[in-house]
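A short write-up of the structure that comes next.
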Amino acid sequence: MNNYSGLLDKLIKTLLEIKDESQLRDFLKGILTPDELEEISTRLEIVKRLKKGVAQHQIAKELGVGVATVTRGSKELQKGRFKNV
C-alpha cells in the first residue's frame, strides 16, 4: 500500500476528466462492484443527513447501517471534510 497516494491521485484525475453524468455512472459501475456502489452511496447519504442535524442513531436505523459507520462519518465532518456535499 505504499503507492496508495499515487494511485489515489490517478483516480482523482480520472474522475475529474469525466464531464458527462452517464459516462461517470458507466465508469463507476465498471470499476466498483454493486456492493461497493451501494456502500459509497450510503456513506454519502449519511454525511448529508448528519449535516442536516439528523441524530446518529436515527440515521443508522433508517439506512440499516451500524452506529459506528455513522460515527465515522461524523468524525470526518468534524475534521472539516465534505464542505461541498
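Would you check if there is a residue in the range 36-43 being of a type in the set (Ser, Thr, Tyr) and at pLDDT 95 or above? Talk me through it step by step, then tell me what you get.
Filtering the range 36-43 for residues of a type in the set (Ser, Thr, Tyr) gives 41-42.
So of that shortlist, the ones also at pLDDT 95 or above come out as 41-42.
Within the range 36-43, one or more residues are of a type in the set (Ser, Thr, Tyr) and at pLDDT 95 or above.
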Note to self: For the range 52-65, check the following and say yes or no: at least one residue is acidic (Asp, Glu) and open to solvent by less than 90 Å² (accessible area, probe 1.4 Å).
What the structure shows: no
Margin query: Can you report the number of residues in the range 16-63 which are part of a loop (DSSP other than H, G, I, E, B) and under 13 Å from the mean Cα position of the chain (by Cα)?
Written below: 1
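Quick one: is LYS13 open to solvent by 60 Å² or more (accessible area, probe 1.4 Å), without any contact (Cβ under 8 Å) to a residue 40 or more places away in the chain and assigned to a helix (DSSP H, G or I)?
Working: open to solvent by 60 Å² or more (accessible area, probe 1.4 Å): yes; without any contact (Cβ under 8 Å) to a residue 40 or more places away in the chain: yes; assigned to a helix (DSSP H, G or I): yes.
Against the criterion (open to solvent by 60 Å² or more (accessible area, probe 1.4 Å), without any contact (Cβ under 8 Å) to a residue 40 or more places away in the chain and assigned to a helix (DSSP H, G or I)), LYS13 qualifies.
With ARG81, ARG43 as the choices, which residue is surrounded by 13 or more Cβ atoms within 10 Å (Cβ to Cβ) and basic (Lys, Arg)?
That would be ARG43, the only listed residue that is surrounded by 13 or more Cβ atoms within 10 Å (Cβ to Cβ) and basic (Lys, Arg).
Restricting to the range 64-85, name every residue that is of a type in the set (A, V, I, L, M) and in a loop (DSSP other than H, G, I, E, B). Lay out the reasoning, then the answer.
At the first step, the residues of the range 64-85 found to be of a type in the set (A, V, I, L, M) are 65, 67-68, 70, 77, 85.
Of everything in the range 64-85, those that are of a type in the set (A, V, I, L, M) and in a loop (DSSP other than H, G, I, E, B) turn out to be VAL65, VAL85.
The values are calculated or read from the model by the stated rules, or taken from the named source; none is laboratory data. Note that the structure is a prediction, hence the values are computed from the model and not measured. Using ideal geometry, Cβ is built from the backbone for each residue, glycine included, and neighbour counts are taken over all protein chains shown. Accessible surface areas use protein heavy atoms only, side chains included; no ligands, DNA or RNA. Shrake-Rupley method; radii C 1.70, N 1.55, O 1.52, S 1.80 Å.
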